[in-house]
1. Write down the accessible area per residue of the range 108-209 in Å², having rolled a 1.4 Å probe over the full set of protein chains.
2. Whole-Hz ³J(HN,Hα) for each residue in the range 161-177, computed from phi via Karplus 6.51 cos²θ - 1.76 cosθ + 1.60 with θ = phi - 60°, x for glycine and proline: what do you get?
3. Just to check I understand the Karplus step: with θ = phi - 60° and J = 6.51 cos²θ - 1.76 cosθ + 1.60, what whole-Hz values come out for the range 117-127, glycine and proline as x?
4. With θ taken as phi - 60° and the coefficients 6.51, -1.76 and 1.60, list the Karplus ³J(HN,Hα) couplings across the range 222-228 in order, rounded to whole Hz; mark glycine and proline as x.
5. Pull up all non-local amide H partners of G119: gap of 5 or more, or a different chain, and H-to-H distance under 5 Å with H placed in the peptide plane.
6. So for the chain, if I pair up every lysine 8 or more residues apart or on another chain, how many of those pairs have alpha-carbons under 27 Å apart?
7. Semi-axes, largest first, in whole Å: what does sqrt of 5 times each Cα gyration tensor eigenvalue give for the range 110-242?
8. Based on the alpha-carbon gyration tensor of the range 64-131 and its eigenvalue square roots a ≥ b ≥ c, which shape applies: rounded if a/c is under 1.5, prolate if not and a/b is larger than b/c, or oblate?
Amino acid sequence: MEFSASIIAAFDPAKKIVVLTGAGISAESGVPTFRGEDGLWRRYRAEELATLAAFEANPQLVWEWYDWRRGIIGKAEPNPGHKAIAEMEQIFPYFSLITQNVDGLHRRAGTTRLIEIHGNLWQGRCVREGRVHEDYRCPLPEIPPMCTCGALLRPHVVWFGESLDQGDLARAYGLIEECDLLLVVGTSAVVQPVASFPLMAKQAGAFVLEVNMEPTPLSSLADASFHGKAGEVLPALLQKIKGHR
Ligand code: OAD
């Protein structure tokens, strides 16, 4: 795999590096992406189930979908792409990860400086009190799960039509505006506000590098795009960077 001199130069240790990931980074761990053909559950698309309206209409159905996803993710392991990103954190003093994934695989790979901007699938939130409960049991013994106060729990994730956590979003904007390099991995780059991060970074002067299986709306904006599997491109890139240190 060929990496140009400008790409290697972008990984200077003095630079502020931000990695932004989407479902594609976890695809090689066996976690279905959202918009791929394997992203369907029964006859539903994610967009039909990941909404407050769907939850209010049928919490049982929505929790069954999350229980199914937890079942897949619980058996999945971080792949070489997750691990390469975790190793980058060890190499670069100014490094942060923003992930749209709720699967927790980046944490399990060892990344610590991260923002899970769409939440975490292993947590439920009381619809009455807002308290967050972590629960790794799979399958869940009770669907829908209830809070100790007797109210329903909802998945502690951001659904379509909902706002992101304002603190997380402010931190992410800060990182994007200040970074020198934005590495965007495995996202279709269509869901806002995250989809606008690459343009923001570019306008603020950052080098934008994309790794994706296929061209995306971001590819024409990026300074460089690699079309291949994250689990192959990222370890190769990491080796190259380490070879130049
Ligand atoms: P998508 O399913 O929309 O896009 C996954 C991307 O990963 C696609 O562009 C694929 O080409 C790419 N891809 C697949 N396998 C890959 C691999 N092995 N290596 C590299 N790239 C690969 O998922 P997201 O962009 O993450 O939001 O979706 C964004 C958000 O939409 C999700 O966080 C979720 C969803 O609705 C919420 O739940 C709020």
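The values are calculated or read from the model by the stated rules, or taken from the named source; none is laboratory data. Quick caveat: nothing in here was measured; it's all calculated off a predicted structure. With ideal geometry, Cβ positions are generated from the backbone for all residues, glycine too; neighbour counts draw on all protein chains shown. All accessible areas refer to the heavy atoms of the entire protein, side chains included, with ligands and DNA or RNA removed. Shrake-Rupley method; radii C 1.70, N 1.55, O 1.52, S 1.80 Å.
1. Values: 4820 Å² over 102 residues.
Here the residues of the range 108-209 average 47 Å² of exposed surface.
2. x, 9, 7, 6, 4, 5, x, 4, 5, 5, 5, 5, 4, x, 5, 5, 5
3. Running phi through 6.51 cos²θ - 1.76 cosθ + 1.60 with θ = phi - 60° gives 6, 9, x, 9, 6, 8, 10, x, 10, 5, 6 Hz.
4. 5, 6, 8, 10, 10, 9, x
5. Sorted by chain and number, the residues that satisfy this are V158.
6. Lysine pair count for the chain: 21.
7. Details: eigenvalues 234, 63, 36 Å².
Semi-axes from the Cα gyration tensor: 34, 18, 13 Å.
8. Working: a/c = 3.51, a/b = 1.58, b/c = 2.23.
Taking the square roots of the gyration eigenvalues as a ≥ b ≥ c, the range 64-131 is oblate.
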